[in-house]
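Q: Before I ask anything, let me first share the structure, which is written out below as structure tokens.
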Ligand SMILES: *Cc1c(COP(=O)(O)O)cnc(C)c1O
């Protein structure tokens with residue numbers, strides 16, 4: 001019989017397995033020797049298929065752990081800096097393992113007695129961090145910003161459309177006739193806003209993109225104009241989504257202006273702080289999020305600036321009563337008589353039923369490091385990004401797009417060959433150099449495109465989330481980018497090809 005791990009009896013079975021897994025992690029990382037395994041995707045896929053087929057029995061844990069460690073893009077390596085993909089803190093990983101072993105499920109009290117209370121208490125602390133009154137607020141742990149944004153927009157739809165539809169939208173559905181519902185979000189907002197609009201029956205085209213400036217921050221005058229346009233056309237502005245920390249540049253929309261405009265038009269304000277919410281941990285950076293407490297709902301992601309293993313998403317509302325349309329009664333999970341007898345269940349706060357106790361690792365991390373300790377990690381990554389941006393601006397072959405707001409910045413390689421000025425070819429060199437770095441196992445650098453049309457918009461991105469990375473590491477990374485750019489230029493001269501142009505649907 002295979003050993004189970006639930007309860008204290010499981011710890012004995014777990015110890016030798018953990019020993020095996022930790023050993024294999026180290027061996028796999030040593031075999032990789034860099035931020036990512038070198039090789040083309042087909043080579044890596046063939047290796048994974050081969051080793052997966054060959055693994056079996058009691059050795060499978062060791063074999064497959066080594067394979068996964070070897071074949072991972074390692075966020076703890078300073079040269080892995082593409083995405084909001086953080087190296088998790090060891091204490092958070094240990095706490096997550098505890099959750100796996102005990103396996104509480106947050107949908108009913110009788111599956112998670114202590115974890116239910118811990119999640120509630122943690123959410124009160126996070127509500128306070130946002131500036132909400134914890135006694136009034138409510139929230140839940142989510143799988144991430146995508147789910148949190150969906151929840152915020154669902155509550156917005158149910159509350160705002162109920163007024164114009166004259167019925168409960170969550171029961172009777174989105175009105176088929178009547179004024180067109182709209183969501184206003186900046187052109188640099190996360191694509192999950194469009195996804196949510198589609199899932200909520202409003203359609204992606206309900207989202208009106210609001211113009212942004214050079215740094216990708218929403219232009220408040222453009223928002224005012226879009227809202228007036230909605231009113232003029234007789235449409236209902238259901239929600240304004242303000243982004244606090246855009247995925248590419250970390251830009252923070254003008255939250256106070258967004259709040260005032262949303263309120264003036266009867267729209268819900270959702271603040272997507274999946275990235276920028278981390279600034280709340282830093283005394284230095286928290287003022288950037290001034291006005292977040294005016295939001296009706298907020299998304300935070302502690303698997304970004306929070307150093308948690310995924311998933312560690314958080315959804316909060318300012319007023320618990322606005323949660324009403326999500327409430328659910330399942331007679332076998334949260335019967336009314338149980339709740340009256342003092343057995344609370346979190347079922348009605350989530351879109352999910354079975355749900356991991358992701359609050360636990362956050363609670364442990366918050367108590368271990370304190371807000372101050374976490375704030376120092378945020379500040380260090382912010383400093384590192386500032387340093388990297390200055391080094392980029394000073395580099396003869398690199399061009400900085402804009403100063404970092406949080407911990408990320410965009411830039412590009414500019415060809416040494418004075419003839420190579422066609423913007424489509426410059427895009428091709430930049431896109432190609434990033435794949436070259438991946439293929440050579442040297443670096444994982446981000447690649448994105450600036451909003452708008454036409455060639456010349458491809459940019460590289462460094463997202464610095466590793467507080468142990470040094471200035472010298474960033475310098476080496478920039479040097480590797482320049483060397484790869486040179487190699488791409490040479491490859492292009494040897495075999496010129498037609499550049500690929502951007503297509504619709506290339507999302508942020
Ligand atoms: C990462 C991100 C999301 C999506 O969050 P997930 O946790 O990946 O679901 C949404 N909005 C912003 C601004 C983000 O940076």
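The values are calculated or read from the model by the stated rules, or taken from the named source; none is laboratory data. Nothing here was measured: the structure is a model prediction, and the numbers come from that model. When we count neighbours, we look across all protein chains shown, and the Cβ atoms used for this are built from the backbone with ideal geometry, even at glycine.
Q: In this structure, is residue 126 touching a strand residue (DSSP E or B) at 6+ places or on another chain (Cβ under 9 Å), assigned to a helix (DSSP H, G or I) and within 16 Å of the ligand (Cβ to nearest atom)?
A: On the way: touching a strand residue (DSSP E or B) at 6+ places or on another chain (Cβ under 9 Å): yes; assigned to a helix (DSSP H, G or I): yes; within 16 Å of the ligand (Cβ to nearest atom): yes.
Spelling it out, residue 126 is indeed touching a strand residue (DSSP E or B) at 6+ places or on another chain (Cβ under 9 Å), assigned to a helix (DSSP H, G or I) and within 16 Å of the ligand (Cβ to nearest atom).
Q: Pick from 227, 288, 261, 305: which is within 16 Å of the ligand (Cβ to nearest atom) and either assigned to a helix (DSSP H, G or I) or touching a strand residue (DSSP E or B) at 6+ places or on another chain (Cβ under 9 Å) (or both)?
A: Testing whether each residue is within 16 Å of the ligand (Cβ to nearest atom) and either assigned to a helix (DSSP H, G or I) or touching a strand residue (DSSP E or B) at 6+ places or on another chain (Cβ under 9 Å) (or both) leaves just 288.
Q: Also: Among the candidates 160, 193, single out the residue that is within 15 Å of the ligand (Cβ to nearest atom) and either touching a helix residue (DSSP H, G or I) at 6+ places or on another chain (Cβ under 6 Å) or not in a strand (DSSP E or B) (or both).
A: Answer to the selection: 193.
Q: Right, here's the next one. With (1) under 23 Å from residue 249 (Cβ atoms); (2) in contact with a helix residue (DSSP H, G or I) (Cβ under 9 Å, 6 or more places away or on another chain); (3) within 16 Å of the ligand (Cβ to nearest atom); (4) not in a helix (DSSP H, G or I) as the list, and residue 208 as the residue in question, which single condition is left unmet?
A: Checking residue 208 against (1) under 23 Å from residue 249 (Cβ atoms); (2) in contact with a helix residue (DSSP H, G or I) (Cβ under 9 Å, 6 or more places away or on another chain); (3) within 16 Å of the ligand (Cβ to nearest atom); (4) not in a helix (DSSP H, G or I), the one that fails is (3).
Q: Further question: Please find, within region 264-285, the residue that is farthest from the ligand (Cβ to nearest atom) out of those that are over 23 Å from residue 322 (Cβ atoms) and over 17 Å from the mean Cα position of the chain (by Cα).
A: Within region 264-285, the subset over 23 Å from residue 322 (Cβ atoms) is 275, 278-279, 281-285.
Adding the requirement that they be over 17 Å from the mean Cα position of the chain (by Cα) leaves 282-285.
Details: 282: 17, 283: 23, 284: 21, 285: 16 Å.
That would be 283.
Q: What's the number of the condition residue 133 fails, among (1) within 16 Å of the ligand (Cβ to nearest atom); (2) in a loop (DSSP other than H, G, I, E, B)?
A: (1)
Q: State all residues of region 238-258 that are without any contact (Cβ under 8 Å) to a residue 60 or more places away in the chain and either buried (at least 24 other Cβ atoms within 10 Å of the Cβ) or within 11 Å of the ligand (Cβ to nearest atom) (or both); if no residue qualifies, say none.
A: Those that are without any contact (Cβ under 8 Å) to a residue 60 or more places away in the chain and either buried (at least 24 other Cβ atoms within 10 Å of the Cβ) or within 11 Å of the ligand (Cβ to nearest atom) (or both): 240, 242, 243, 244, 255, 258.
Q: Turning to a different aspect of this structure: Return the only residue of 199, 255 being within 22 Å of the chain's Cα centre (by Cα) and closer than 14 Å to residue 271 by Cα. Can you show your working first?
A: On the way: 199 fails: closer than 14 Å to residue 271 by Cα.
After applying the criteria, what remains is 255.
Q: Scan region 468-501 for residues that are in a loop (DSSP other than H, G, I, E, B), surrounded by 15 or more Cβ atoms within 10 Å (Cβ to Cβ) and modelled with pLDDT of 95 or more and jot them down.
A: 469, the sole residue that qualifies.
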